[in-house]
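Here's the structure, in structure tokens; my notes come after.
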Amino acid sequence: MKISLNWLKDYLDFQLNTEEIKFLLTDIGLEVEGIELQETIKGGLRGLVVGEVMEVQKHPDADKLNITQVNIGTDSLSQIVCGAPNVAKGQKVIVALPGATLYPTVGDAFTIKNAKIRGVESFGMICAEDEIGLGNGHDGIMVLEEEAPVGLPAATYFDIKEDYLIEIGLTPNRSDANSHFGVARDLKAALNFRNKDSKALCYPTTYHGKTGNTLPIEIALEQPSDCPRYSGVCISGITVKESPDWLKNRLQSIGIRAINNIVDITNYVLFETGQPLHAFDYDKIAGQKIVVRAAKSGEKFITLDGIERTLLGTELMICNEHGPMCIGGVYGGLDAGVSLQTVNIFLESAYFSASSIRKTATMHGLKTDAATHFEKGTDPNATMHVLKRATQLIIDIAGGAVASSFMDIGTTSFDSFQVAVKWEKITSLTGLAIAKEDVIQILGQLDIQISQQDEDTFTALVPPYRVDVRRDVDIIEEVLRIYGFNQVPIPSKINASVNFSKGIEMNAFRNTLANHLVGIGFQEMMANSVSKSKYYHGEHRETLVPLLSSINVELDIMRPTMLWSALEAVGFNINRKNIHCKFFELGKTYLKTDSTYHESESLSLVVSGSQHPTNWRTQEKPADFFYLKSIVQNLLNKLGIENPDILECDEEGLEYSIELSKQRIPLVRIGKVDQKVAKQFDIKQAVFFADIKLEQLLRVYKTVKVKYKEVPKFPSVRRDLALLLEKNTTFAQIQQVANKILKKNLINIDLFDIFTGEKIGTDKKSYAVSFIFQDAEKTLVDKDIDAWMNKLMEHLKTELNAVVR
């Protein structure tokens, strides 16, 4: 949120420098993210003064240059070499003194220095208007009026204004401070309490004149649930034109473009009070009737940006007798708005339901200033007051007269919320013994009155515009932020309790996995749990969990898998020349089966590019399926989960994949991302992905029993086999056969070579497999090992149709 310091001072008289303002606002919960100096002319014309040309002589070595003697209000004249053709004795001019920085209309800034020009010293510069950012003219120097005082700073002569733009990181719950007046209200409370002052707010002037009946209008409120209060007035005889400078400057100071006086007034009042307004061309209101109703499903409406939108039936529409004129609280229509030809207007000030506006704005992707204010909550009791404020400004700036009564339809008064608070809880929650008198004073400064109180409790009456204050802890927070969070003492000791372990907790389990992955070169990423339904096709769409409302139209579902989040991250990095990616993410996925929703926790791994950074000792080796598989298996081994079952499987988005399971519990799926899928994210290189189901993994991990095993005293023995296999035979099948018949002494199996080619047949492949044997009680002999190997070869022949080469 942007706040102009000069604008803020219209409502509260205070003298604080920028650092003091920054500290105080941040301390009371309105965090200042930055303060920027703003000037009507960049640079503020600092170092420029009014001068008078006393003498003009031709430069001896340059036909187009003159040597001038200029009075700048000092004891001696300044010699300045000038090339302007119109310089003459007796002129009042703008002089840039040495050291001044000029900001021209076109081009970069430059600093004036003492210089020698063709052998003649020059102490400054006589300026043209484009050289100091006051216009585009460069025909010659600026010549001022004869009455201009010599030595007067140029900033004073041209009435250059300075302002500070305060950027506040307003939290969504603080709708009451979403305006200049709201910020002034909080500042007043803090200054009065902390400085024992009695500052009062300066309330904006409102209309108290006569009303007429020359522009009749009827208002029908058909949707009171979404619009509890609707106020309006007709104004006749206005002149739509450019706004005065003060109004344009105020809006431009916070980044709002000036349009015309009527629209600018509604914007000004919005950022002044936090209450959005809308002006309709009265003569375009068919039947002189305003109807506030729900949209009809499928109804067409053209908004102010010229786009025809199909209404869903949940929107609140402001209509005339023939059809919609405006999406209430969100966006105006193309045909009923104010134009330069408008003479009569109907001015609207309404209180709309925050949830209704939020849904409508999200569904149509319309994040207007009005919608942003309404969806956070506005003051239901302020519609009429703000309407009269805008009316006064319109009559002052655009002329005209009030041509109807001030109409107020619906609920015209909203009661304060009652919140009961125990005095004791303030002390226990804040750690401070705040005096009751101080609590009452602070709340009073915040417009929160005390209706009842005794020794133990009090009842606070919270005004309706404080939508964030509904509980006793909210009241205590209000007291503490004005009293000062920095007043809470830091304790000299910390008390702690010893907690007994209840087994393996998920949080500790996550940290164990994350630390291991970081230790082997992975980087943790965090992605949005919201995804795009366009990624999913076919039968999988039936399992998607849709969002009822989303800020982004494309992000419309909860993600059913973490694959797409990983691909978005890989694509983002590759587009920025980081082509070697090793990421992991701990997150949740969401699915729907029939009417049941499922939320599960996963750990995803994604690798692409090189396995390791290239250096002088190692060559670059691209990451592949087996590289990721080895990382997953090492992770499982770290957890004591050895020899998982491996099966081929199908996974959406993957070209091929396998599933690792233990105790018939699926643990992880690993595969290569389909190239067609990768291209959707502008990824041309191979990507490999693993999805680890954390809850299943933790369940299996809890069953692992840690056993001490003595370091073997006897050596291991290795035997190798070259096997000719069918092309569809997998290494996992070889492992299963070997583990089944050689379970006791076989400690490891490894595939160390693969060969395919026409020499062995296109439907065949050759595996070179190593088998390592060891006995903890004795040294193995060839006789035993040969018997085991013969038995293994027989089973490989019969079960896998293998040929030992």
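The values are calculated or read from the model by the stated rules, or taken from the named source; none is laboratory data. Only a predicted model underlies this, so the values are computations on that prediction, with no experimental measurement involved. Cβ sites come from the backbone with ideal geometry, for glycine too, and all protein chains shown count toward neighbours. These accessible areas exclude ligands, DNA and RNA; they are computed on the full protein's heavy atoms, side chains included. Shrake-Rupley method; radii C 1.70, N 1.55, O 1.52, S 1.80 Å.
Considering (1) in contact with a Cys (Cβ under 7 Å, 6 or more places away or on another chain); (2) over 14 Å from Phe689 (Cα atoms); (3) not acidic (Asp, Glu), the lone condition that Gly609 does not fulfil carries the number (2).
Taking the options Val106, Val87, name whichever one is of a type in the set (Val, Ile, Thr), part of a loop (DSSP other than H, G, I, E, B) and under 48 Å from the mean Cα position of the chain (by Cα).
Val106
Of the residues making up the range 15-70, just one is part of a helix (DSSP H, G or I), polar (S, T, N, Q) and closer than 20 Å to Ser253 by Cα, namely Thr18. Count of the range 655-711 residues, restricted to those that are of a type outside the set (Val, Ile, Thr), open to solvent by 70 Å² or more (accessible area, probe 1.4 Å) and over 39 Å from the mean Cα position of the chain (by Cα), is 8. Just one of the listed residues (Gly43, Gly47, Gly83) is closer than 22 Å to Asp130 by Cβ and open to solvent by less than 20 Å² (accessible area, probe 1.4 Å), and it is Gly43. Taking first residues from the range 740-753 that are closer than 15 Å to Ser716 by Cα and partners that are open to solvent by 20 Å² or more (accessible area, probe 1.4 Å) and among the β-branched types (Val, Ile, Thr), the Cβ contacts under 9 Å between residues at least 6 apart in sequence or on separate chains come to Leu746/Ile772; Ile747/Ile772; Asn748/Ile772; Ile749/Ile772; Asp750/Ile772.
Which ranges mark the strands (runs of 3 or more DSSP E) fully within the range 232-340 that have 1 or more residues being of a type in the set (Asp, Glu) and open to solvent by 40 Å² or more (accessible area, probe 1.4 Å)?
Numbers: elements: 278-281, 289-294, 300-302, 308-310, 316-319, 324-327.
Counting at least 1 such residues, we get 308-310.
When Asn578, Asn495, Asn515, Asn499 are checked against the criterion of being over 30 Å from Leu366 (Cα atoms) and not in a loop (DSSP other than H, G, I, E, B), a single residue qualifies: Asn515. Considering only residues that are among the charged types (D, E, K, R) and either part of a strand (DSSP E or B) or crowded, with 20+ Cβ neighbours inside 10 Å (or both), which ones fall in the range 640-654? Within the range 640-654, Asp645, Glu648 meet the criteria.
What about Glu375, is it without any contact (Cβ under 8 Å) to a residue 60 or more places away in the chain, touching a Lys or Arg at 6+ places or on another chain (Cβ under 6 Å), part of a helix (DSSP H, G or I) and open to solvent by 10 Å² or more (accessible area, probe 1.4 Å)? Judged against the criteria, Glu375 is a match. Among the residues making up the range 742-756, those that are at pLDDT 85 or above and open to solvent by 30 Å² or more (accessible area, probe 1.4 Å) are Ile747, Asn748, Asp750, Leu751, Phe752, Asp753, Ile754, Phe755, Thr756.
Of the residues that make up the range 149-170, is at least one in contact with a Gly (Cβ under 7 Å, 6 or more places away or on another chain), open to solvent by 70 Å² or more (accessible area, probe 1.4 Å) and over 24 Å from Gly444 (Cα atoms)?
Step one: of the range 149-170, the residues in contact with a Gly (Cβ under 7 Å, 6 or more places away or on another chain) are 150-151, 155, 160, 162, 167.
Add one more test, that the residue is open to solvent by 70 Å² or more (accessible area, probe 1.4 Å), and what stays is 162.
Among the residues that remain, those that are also over 24 Å from Gly444 (Cα atoms) are: 162.
The answer is yes; a qualifying residue exists.
A search for C-beta distances below 7 Å between a residue of the range 1-20 that is basic (Lys, Arg) and any residue that is loosely packed, with under 14 Cβ neighbours inside 10 Å and assigned to a loop (DSSP other than H, G, I, E, B), counting only pairs 6+ apart in sequence or on different chains, returns Lys2/Gly255. Taking the range 613-639 as the range and being part of a loop (DSSP other than H, G, I, E, B) and either at pLDDT 90 or above or open to solvent by 100 Å² or more (accessible area, probe 1.4 Å) (or both) as the test, the residues that pass are Pro613, Trp616, Arg617, Gln619, Glu620, Lys621, Ala623, Asp624, Leu639. Looking across the range 425-452 at every residue that is in a loop (DSSP other than H, G, I, E, B) and under 23 Å from Leu187 (Cα atoms), the one that is most open to solvent (accessible area, probe 1.4 Å) is identified as Asp447.
Would you confirm whether any residue within the range 109-123 is in contact (Cβ under 8 Å) with a residue 60 or more places away in the chain, open to solvent by less than 40 Å² (accessible area, probe 1.4 Å) and small (Gly, Ala, Ser)? No.
Please find, within the range 658-695, the residue that is nearest to Ala508 (Cα to Cα) out of those that are out of contact with any helix residue (DSSP H, G or I) (no Cβ under 9 Å at 6 or more places or on another chain) and without any contact (Cβ under 8 Å) to a residue 40 or more places away in the chain. Steps first, answer last, please.
At the first step, the residues of the range 658-695 found to be out of contact with any helix residue (DSSP H, G or I) (no Cβ under 9 Å at 6 or more places or on another chain) are 659, 664, 669, 674-676, 679, 693.
Keeping just the survivors that are without any contact (Cβ under 8 Å) to a residue 40 or more places away in the chain gives 659, 664, 669, 674-676, 679.
Details: Glu659: 25, Arg664: 25, Arg669: 23, Asp674: 34, Gln675: 36, Lys676: 38, Lys679: 37 Å.
Among residues in the range 658-695 that are out of contact with any helix residue (DSSP H, G or I) (no Cβ under 9 Å at 6 or more places or on another chain) and without any contact (Cβ under 8 Å) to a residue 40 or more places away in the chain, the one nearest to Ala508 (Cα to Cα) is Arg669.
Filtering the range 2-14 down to residues that are part of a helix (DSSP H, G or I) and touching an Asp or Glu at 6+ places or on another chain (Cβ under 7 Å), which residue is least open to solvent (accessible area, probe 1.4 Å)? Don't jump to the end; show me each part of the working.
Initially, the range 2-14 is screened for residues part of a helix (DSSP H, G or I), giving 5-8.
Narrowing the set further to residues that are touching an Asp or Glu at 6+ places or on another chain (Cβ under 7 Å) leaves 5-6.
Details: Leu5: 12, Asn6: 58 Å².
Only one residue tops the list, namely Leu5.
Answer yes if at least one residue in the range 350-364 is of a type in the set (Ser, Thr, Tyr), at pLDDT 95 or above and open to solvent by 40 Å² or more (accessible area, probe 1.4 Å), and no otherwise. Looking for residues that are of a type in the set (Ser, Thr, Tyr), at pLDDT 95 or above and open to solvent by 40 Å² or more (accessible area, probe 1.4 Å), one finds at least one in the range 350-364, hence yes.
Residue count for the range 563-591, restricted to those that are out of contact with any Lys or Arg (no Cβ under 9 Å at 6 or more places or on another chain), open to solvent by 50 Å² or more (accessible area, probe 1.4 Å) and not β-branched (Val, Ile, Thr): 8. Among the criteria (1) open to solvent by less than 20 Å² (accessible area, probe 1.4 Å); (2) more than 30 Å from Lys248 (Cα to Cα); (3) at pLDDT 95 or above, the one Ala403 does not fulfil is (2). Residues that are loosely packed, with under 12 Cβ neighbours inside 10 Å and of a type outside the set (A, V, I, L, M) within the range 494-512 comprise Asn495, Ser497, Asn499, Phe500, Ser501, Lys502, Gly503, Glu505, Asn507, listed in sequence order. Please enumerate the residues belonging to the range 594-629 that are within 32 Å of the chain's Cα centre (by Cα) and small (Gly, Ala, Ser). Within the range 594-629, Ser600, Ser602, Ser604, Ser608, Gly609 qualify. Within the range 453-493, the set of residues being among the charged types (D, E, K, R) and either farther than 19 Å from Asp186 by Cα or surrounded by 14 or more Cβ atoms within 10 Å (Cβ to Cβ) (or both) comprises Asp454, Glu455, Asp456, Arg466, Asp468, Arg471, Asp472, Asp474, Glu477, Glu478, Arg481, Lys493.
The rows are residues; the columns are (1) at pLDDT 90 or above; (2) assigned to a helix (DSSP H, G or I); (3) hydroxyl-bearing (Ser, Thr, Tyr).
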{"residue": "Asn552", "(1), (2), (3)": "no, no, no"}
{"residue": "Ser565", "(1), (2), (3)": "yes, yes, yes"}
{"residue": "Val570", "(1), (2), (3)": "yes, yes, no"}
{"residue": "Leu603", "(1), (2), (3)": "yes, no, no"}
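In the range 190-229, what residues are under 25 Å from Phe414 (Cα atoms), of a type in the set (Asp, Glu) and surrounded by fewer than 18 Cβ atoms within 10 Å (Cβ to Cβ)? Once the filter is applied, which keeps residues that are under 25 Å from Phe414 (Cα atoms), of a type in the set (Asp, Glu) and surrounded by fewer than 18 Cβ atoms within 10 Å (Cβ to Cβ), the range 190-229 yields Glu218, Glu222. Being part of a helix (DSSP H, G or I), of a type in the set (Asp, Glu) and either free of Cβ contacts under 8 Å to residues at least 40 places away in the same chain or touching a Phe, Trp or Tyr at 6+ places or on another chain (Cβ under 7 Å) (or both): is that true of Glu455 here? Answer is no for this residue.
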